[in-house]
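Working notes for the structure below.
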Amino acid sequence: MDFDAQKLTFKHAQHRNQQVIFCLFPYDPKLLKDFRNAFPSAKWSRTNKAWFVPDNTLYRKRLGIQLPEQGIKYMDRMYSVNQIEFRKFRDVLQQKMFSKNTVETYLSEFAQLLILIKAKPVLELTSEQLNSYFLYCIKKLNHSENQVYSRMNAVKCYFKLVMNKESVFDTVIRPKAPITLPTVLSKQEIIRLFAQTDNFKHLLLLKMAYGMGLRVSELIALEIGDIDLDRKQVHIRNAKGKKDRYVNLPESIQQLYADYLMAFQPKKYLFEGQFGGAYSTRSAQAVFKQCLTKAGITKKIGIHGLRHSFATHLLEVGTDMLFIQKLLGHKQIKTTEIYARVSSQQLSKVKSPLDCLDR
């Protein structure tokens, strides 16, 4: 980048419900022109009288702003004795090269315990004290089973990786995990959803999510180079569990894909945000919700439901469970087998005794 960002001063703030970086500099026609050329997607705030860009990794790197340490926002609420353990835990998680989202989740969950126990050293906690803490999470904080599991996993990971004392969890009582089934859309609902989507970009995004069974994180991370039109395959890189896989590019999507490239001309990521860089998860969810409403579908379902629908519909046309497992990138077949409980084709074969009374 030719623009010299050292001529700017920066202010981090929340603006229009998002974290942004205000770029402050004295009025200078040449400096303003250079800034606008370097950051064409920057927007002007009349209230703050400054240009701003999203506060994310991409723009921090381009502006030469140091990235904040993960978990730093929690540390000023901890006593120093536990700040040390928090840093140790963060270092181990990063050294294990867990995904950024996993590190963020584990640090957030672990921090809640450290903040609560104040000056009590976390490394001295016993199994009995941990049981009391998790019971507090259930009874006082009204955490769900999944929330408690998430917190237990984070704390257990600390005792295992930092303290080498995983045995402290031998007598920690885990709540019984609920067995929930995914919500799926019928094929007719999928057709209605697509029919109500008149934006090229939104339609391609939703069709790829359903047509290839992608997680939203995989969808927004797609780069143009990941799509092989000759082989009609898409390379899903560094997905959940740090695993790569290939999925088939649906034939019915190829003309839409070509039209989209011509109309939007993305530079790196297939789906790019208004400020450049990858499309955000929140934006993808919002697109799905808007189209769901326009289609008159009232089911409580997120964009991940398109992945569930993909798997269920494959099963209903007789696709082997092992193939579905590979397409979804599941580590264990039992994760994939849940769709057998959702399949309407399987359930429809069972007749209620009420329907047989008059026969």
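Throughout, read-outs are computed from the coordinates displayed, never taken from laboratory work. All values derive from a computational prediction rather than experimental measurement. Cβ placement follows ideal geometry from the backbone for every residue including glycine, while neighbour counts extend to all protein chains displayed.
Considering only S150, S343, S309, the Gaussian network model of the chain with Cα springs below 10 Å gives its largest mean-square fluctuation to S150. Could you please state, rounded to a whole Å, how far the C-alpha centre of segment 159-237 is from the C-alpha centre of segment 108-136? Their Cα centres are 33 Å away from one another. With the cut-off at under 17 Å, measuring from each backbone N in segment 34-73 to a point 7 Å along the Cα-to-Cβ line of F98 picks out 69-73. Among the chymotrypsin sites (Phe, Trp or Tyr not before Pro) found in segment 1-40, those both in a DSSP coil and sparsely packed, with 11 or fewer other Cβ atoms within 10 Å of their Cβ, are Y27.
Taking 7 Å steps out from each Cα toward its Cβ at N142 and Y79 produces label points 3.0 nm apart.
Looking at segment 38-143, the chymotrypsin sites (Phe, Trp or Tyr not before Pro) that sit in a DSSP loop and have at most 16 other Cβ atoms within 10 Å of their own Cβ are Y79, F98. Under the combined filter of DSSP loop state and at most 14 neighbouring Cβ atoms within 10 Å, segment 40-90 retains these trypsin sites (Lys or Arg not before Pro): R46, K49, R77. The string of couplings for segment 149-155 from the Karplus curve (6.51, -1.76, 1.60, θ = phi - 60°) is 4, 4, 5, 4, 4, 5, 5 Hz, one whole number per residue in order, with x for Gly and Pro. What is segment 38-195 by shape, rounded, prolate or oblate, if you read a ≥ b ≥ c off the alpha carbon gyration tensor as root eigenvalues and call it rounded for a/c under 1.5, prolate for a/b larger than b/c, and oblate otherwise? Here segment 38-195 falls in the oblate category.
In plain terms, the chain from S127 to Q285 could stretch by 52.9 nm, reckoned as 0.36 nm per residue minus the Cα-Cα distance.
Along each principal axis, taking the top coordinate minus the bottom one, the Cα set of the chain gives 85, 62, 38 Å in descending order.
Running a GNM on the chain with Cα contacts under 10 Å, which residue among L256, L31, L141 ends up with the highest mean-square fluctuation? Looking only at L256, L31, L141, the largest GNM fluctuation is found for L141.
Highest GNM mean-square fluctuation among A239, A263, A209, for the chain modelled with Cα contacts below 10 Å: A263.
When peptides 111-118, 291-298 are ranked by their average number of other Cβ atoms within 10 Å per residue, the highest-first order is 111-118, 291-298.
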